[in-house]
Amino acid sequence: MSTQTYSSEYDVIVIGGGVLGAFHAYFAMRQGFKTLLIERNVFPQQASARNFGLIIPSAMPAGRWRDRAIASCEIYSELSELLGVPLQRMGTQYLAHTEAEADFLRQMALSSEDSLCPVEFYTAEETIRSSCCLNPEFCQGSLFFPQDLQLDPDQFFRALINWIACTSDCDYLPNTTAISVESQGSHNRVKTSSGREFQAYHVFVCSGADLQTLFPDVYSTRNLQYCKLQMLKLSNPENRTLGTSIASPIALTRYPAFLNAQFLQGVSLPAPDPVLEELGIQIWITQNQNNEFILGDSHAYSTDPPTEFLSAEVEAQMINYARKMFVKLDFQVLDRWCGIYTEEQSTGLFQQTLDESIHLITGIGSKGMTTGPGLARENLSQLSLSKSRI
Ligand SMILES: Cc1cc2nc3c(=O)[nH]c(=O)nc-3n(C[C@H](O)[C@H](O)[C@H](O)COP(=O)(O)OP(=O)(O)OC[C@H]3O[C@@H](n4cnc5c(N)ncnc54)[C@H](O)[C@@H]3O)c2cc1C
């Protein structure tokens, strides 16, 4: 990281170094705007550092969000080379457990016309052959999306932020909380907890699940909710290889791409068992660079900020379901954590501009890694340094 001295005036200030903030700063810098990125911690430690690192156009419905996901895949590909951060092109396999689910997935593959998001149906035998871990009694088939990507999010954002902070057009101010943003004529003034003040034409507030520090009144009037997710890291003593990232059939009843396809096919797949549904559990399993398993996740929604306490029941239910999907999976829990994001309940994104130059962006829900870079590039491409709405 550079040991820069800070100017008091910038073209653009971005608050929050998660996926939304880091990429808004990256594209602002790429546009040639003198940019300051302010982050509360040394590096981001919230949802953007705690997630699976899955970039999954497969889960996005065709249209604007799928386009953003595909754009994001290109952006991550370029950056992984530049930053030297591995990007795994392992694809995702969505499993079917019942005949009805297998029929649904087969039909989805047959009717797929999206060459930008290719897909292949695997029979039960092909599915089992594709991974030594899957339980033959569980799998009735699967849908494979080869294009889906995965990276280590914590490693990626450290590398990205270090890189942009070394460029002449972007400064990084870590360990600093922005405590106020005020419009002052043609400029905005940002004050920090350490008593510093900065000015900029445009301010992007990408504060994730912190809706209390800046503009709490604006957020409180909108359709935003919190979602807390639990995750596990499991050992892999037999050094098995999954081959792809694997989604349980529960994903077919949660993700918009599959809900849309159900609607188009005129089918309605039953929700998972009531306990899993109540806990918002849908099982994904991936592998990190050490070949350990990452297992998640659960979804607990609330209108008040959640605590970071972990639920033993959620953990037990996730492990129990994973044991059904995988054959004789031997492991120990190595780590457990939760992450919190906000979700805008009607449009899937909260984006509002105040005084034509203070842009509040949050509520992207479970798709921030998948679509955040594409969204940030769109926003910055529309920005000019006079006050403007994006
Ligand atoms: C467990 C889990 C798994 C997930 N898996 C995936 C996945 O595989 N694929 C996918 O697409 N999405 C996934 N998501 C969703 C994704 O992680 C989120 O959509 C995304 O990280 C939200 O990014 P953000 O930048 O809005 O918020 P955050 O990541 O929360 O970042 C906000 C940042 O702002 C900083 N900040 C806040 N207020 C201030 C302030 N006043 N001053 C300075 N700094 C401030 C915080 O410190 C933080 O670093 C997952 C989420 C979780 C929790």
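Please treat every number below as a calculation from the coordinates, not as lab data. Being a predicted model, the structure only gives us computed values, none of them experimental. Every residue, glycine as well, gets a Cβ built from its backbone with ideal geometry; the counts of neighbours run over all protein chains shown.
Projection of the Cα convex hull of region 207-294, averaged over all directions and equal to a quarter of that hull's surface, yields 9.3 nm².
Could you work out [θ]222 nm for the chain from helices alone, using -39500 (n - 2.57) per DSSP H run of at least four and dividing by all its residues? Round to the nearest 500 deg cm²/dmol.
On the way: 11 runs with 117 residues, N = 390.
Helix contribution divided over all residues of the chain: -9000 deg cm²/dmol.
Going from the residue with the fewest nearby Cβ atoms within 10 Å to the one with the most, I340, I361 rank I340, I361.
If one computes P(r) from the Cα atoms of region 309-390, what percent of pairs lie at distances over 18 Å? Value for region 309-390 (Cα pairs over 18 Å): 62 percent. Helix 64-83 against the longest principal axis of the chain: what's the angle in degrees, Cα atoms only, rounded to the nearest 10? Taking Cα atoms only, the helix is inclined about 80 degrees. So if we plug the beta-carbon distance of V42 and A109 into 1/(1 + (r/R0)^6) with R0 = 45 Å, what FRET efficiency do we get, rounded to 0.05? According to the calculation, E is roughly 0.50. Which log10 I(q)/I(0) values does region 259-375 give at q = 0.15, 0.16, 0.23 Å⁻¹ under the Debye formula, counting every alpha carbon as one identical point scatterer? Rounded to two decimals, the profile gives -0.94, -1.03, -1.42. How much net charge surrounds Q317 when only other residues with a Cβ under 13 Å from its Cβ are counted (Lys, Arg +1; Asp, Glu -1)? Net charge in that neighbourhood comes out at -4.
Starting with the fewest neighbours, write out D273, D152, D169 ranked by other beta-carbon atoms found within 10 Å of each beta-carbon. Can you show the working numbers first?
Details: D273 12, D152 20, D169 17.
Result, fewest neighbours first: D273, D169, D152.
All other residues whose Cβ lies under 12 angstrom from that of N239 are scored, Lys and Arg at +1 and Asp and Glu at -1, for a net of -2. The charge dipole of the chain, taken about its Cα centre with unit charges on the Cβ atoms of Lys, Arg (+1), Asp and Glu (-1) only, comes to about 540 debye.
Which angle between 0 and 90 degrees, to the nearest 10, do you get for helix 19-30 versus the longest principal axis of the chain when only C-alpha atoms count? Tilt of helix 19-30: around 50 degrees.
Between N135 and N291, the modelled labels are 2.4 nm apart [label points 7 Å from Cα along Cα→Cβ].
Once you charge only the Cβ atoms, +1 for Lys and Arg and -1 for Asp and Glu, what is the size of the charge dipole of region 272-335 about its Cα centre, to the nearest 20 debye? Before the final figure, lay out the partial values.
On the way: 3 positive and 11 negative charges, 74 e Å.
That gives a dipole near 360 debye.
In the chain, what percentage of the DSSP-assigned beta bridges are antiparallel, given to the nearest 5? Write down the numbers at each step before the final one.
Working: 53 of 73 bridges.
Here the antiparallel bridges make up roughly 75 percent for the chain.
Kirkwood hydrodynamic radius of region 20-107, from the reciprocal of the average inverse Cα-Cα distance over all distinct pairs: 16.1 Å.
If you average 1/r over every pair of different alpha-carbon atoms in region 134-273 and take one over that average, what Kirkwood value in Å do you get? Walk me through the numbers before you get to the answer.
On the way: mean 1/r = 0.0481 Å⁻¹.
Hydrodynamic radius (Kirkwood, Cα pairs) of region 134-273 is 20.8 Å.
When Rg and the Kirkwood radius Rh are both evaluated on Cα atoms of region 191-234, their ratio Rg/Rh stands at 1.11. Working note: Debye formula, equal point scatterers on the alpha-carbon atoms of the chain, no solvent; log10 I(q)/I(0) at q = 0.07, 0.09, 0.10, 0.15 Å⁻¹ is -0.32, -0.53, -0.66, -1.35.
Rounded to 0.05, the FRET efficiency of the T241 and L264 pair, given R0 = 35 Å and the Cβ-Cβ distance, is 0.50.
Of K233/K324; K191/K367; K233/K328; K328/K367; K228/K324, which ones are farther than 27 Å apart at the Cα?
Details: K233/K324 18 Å; K191/K367 30 Å; K233/K328 17 Å; K328/K367 32 Å; K228/K324 24 Å.
Listed pairs above 27 Å: K191/K367; K328/K367.
When S268, S248, S130 are arranged by Cβ crowding within 10 Å, least crowded first, meaning fewest neighbours, the order is S268, S130, S248.
Ranked highest first by average number of other Cβ atoms within 10 Å, how do 16-22, 204-210 line up?
Numbers: 16-22: 28.4, 204-210: 24.6.
Going from most to least packed, we get 16-22, 204-210.
Listed peptides 181-187, 52-58, 138-144 appear in the order 52-58, 138-144, 181-187 once ranked by packing, highest mean of other Cβ atoms within 10 Å at the front.
Would you mind counting up the charge near D210? Only other residues with Cβ under 12 Å from its Cβ, with Lys and Arg at +1 and Asp and Glu at -1. Write out the running numbers ahead of the final one.
Numbers: positive: R40; negative: E39.
Around D210, the charge tally is 0.
Taking 0.890 mPa s as the viscosity and 25 °C as the temperature, the Stokes-Einstein diffusion coefficient of region 244-312 based on its alpha-carbon Kirkwood radius rounds to 174 µm²/s. The angle between the Cα long axis of helix 368-381 and the longest principal axis of the Cα atoms of the chain comes to about 40 degrees, rounded to the nearest 10.
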